[in-house]
Structure formats: structure tokens, C-alpha cells
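Here's the structure we're looking at; comments come further down.
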Amino acid sequence: MMGVYFKQIVDTIKAYLPDAKIAIDISPWVSDWDSLGLSKWFSHFDMSQVDYVSTSGGRTLANSERIRGANKLTWNKLYETLKKPILADVGYSAGGKGTGHAELWDNIANLDARAKDGVVGVMQMDAALDYPQRVSYIRSHLRVDYPWCKE
């Protein structure tokens, strides 16, 4: 039924905001998506309505193939399974408590590696005050060619 409800929600959003982009949360804190059936769960959703996958939870890893250290799901497995660009959610912990600017997501080598795994954006909860300048520098040094990163 969740797939039916999801479609109704997205249809309502699109009726009023036809250009809205839709991200679906994959709950990266789930301990083992493989045994729980990542593909099976999301097969109930109309993924043609989805523009992005979002990794809510805030403590995602920039410097690891795994989304979370204790969990088995990797960035690449997520991308290969759902075939949607990934938005990495960073900078907060349990209960929504901010953890400050997630510096590892400013590292160009980390970003290049995650881009190869399907990550196309980073959502910093507590971005540093100079984040716009950091992003400008980072964009000019990334080795990926995303059309939306061009000014």
C-alpha cells in the first residue's frame, strides 16, 4: 500500500507544483538492506516519479564505499539498484542534533569517488559560513561532468 500512497502524494505535489523534484528516502540506518530486500521494497514504488534518492540520517560517509560504517549498503549498490542520482544528507545525528559542518564532504577526492557511485549532491545541515566559497572552489576541481554544476 505504501507505493499507492506514495503515488497519491507525488500526484498531489505535481498537481500544484508541476516542476517540483521528488526525492525518496532510503533510510540508510537500516542495518542490512540486502537481507531486507532493497529491490523488493522499492519495486512497489513508481520510480518514474522519483528524481533523486536521499540518504536521510545525517551521518553518511564521504570517505567510504558504505553509506554508513556499520551498515552493509554501499553508495554504488544503492545507485545500481534504484538507478537514481543520490543526495547525501550530512551534518546531524540522532534526533536531528546538528554535528557541525561535515568537512569530509568538502574533500575533492572523496567527492570524486562518491560521484562515481552516483552521488550528485550534498545537503549540509550546519554548513560553514564560507560554504558558498568552498562550493565554488570544489566545483572547479571536481573531475565529473554534471550539467547542473555549470554556472
I need every pair where a residue in region 104-129 that is in contact (Cβ under 8 Å) with a residue 12 or more places away in the chain and of a type in the set (Phe, Trp, Tyr) has its Cβ under 7 Å from the Cβ of a residue that is assigned to a loop (DSSP other than H, G, I, E, B) and buried (at least 17 other Cβ atoms within 10 Å of the Cβ), sequence separation at least 6 or different chains. Trp105/Ala62
Taking region 88-122 and keeping residues within 21 Å of Ile22 (Cβ to Cβ) and at pLDDT below 90 leaves Asp89, Val90
If you check Ser64 against the conditions, is it at pLDDT 90 or above and within 19 Å of Met123 (Cβ to Cβ)? yes
Could you count how many residues in region 84-99 are out of contact with any Ser or Thr (no Cβ under 7 Å at 6 or more places or on another chain) and exposed (fewer than 13 other Cβ atoms within 10 Å of the Cβ)? 5
Region 69-95, residues that are at positive phi and in contact (Cβ under 8 Å) with a residue 12 or more places away in the chain: Lys83, Gly91
If we ask which residues in region 46-61 are under 30 Å from Leu17 (Cα atoms) and at pLDDT 90 or above, their number turns out to be 9
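Could you pull out every one of the helices (runs of 4 or more DSSP H) wholly within region 55-151 that has 1 or more residues that are among the acidic types (Asp, Glu)?
75-82, 108-116
The values are calculated or read from the model by the stated rules, or taken from the named source; none is laboratory data. If you're wondering where the values come from, they're calculated on a predicted model, not measured in any experiment. Quick reminder, even Gly has a Cβ in these numbers, built from the backbone with ideal geometry, and neighbours come from all protein chains shown.
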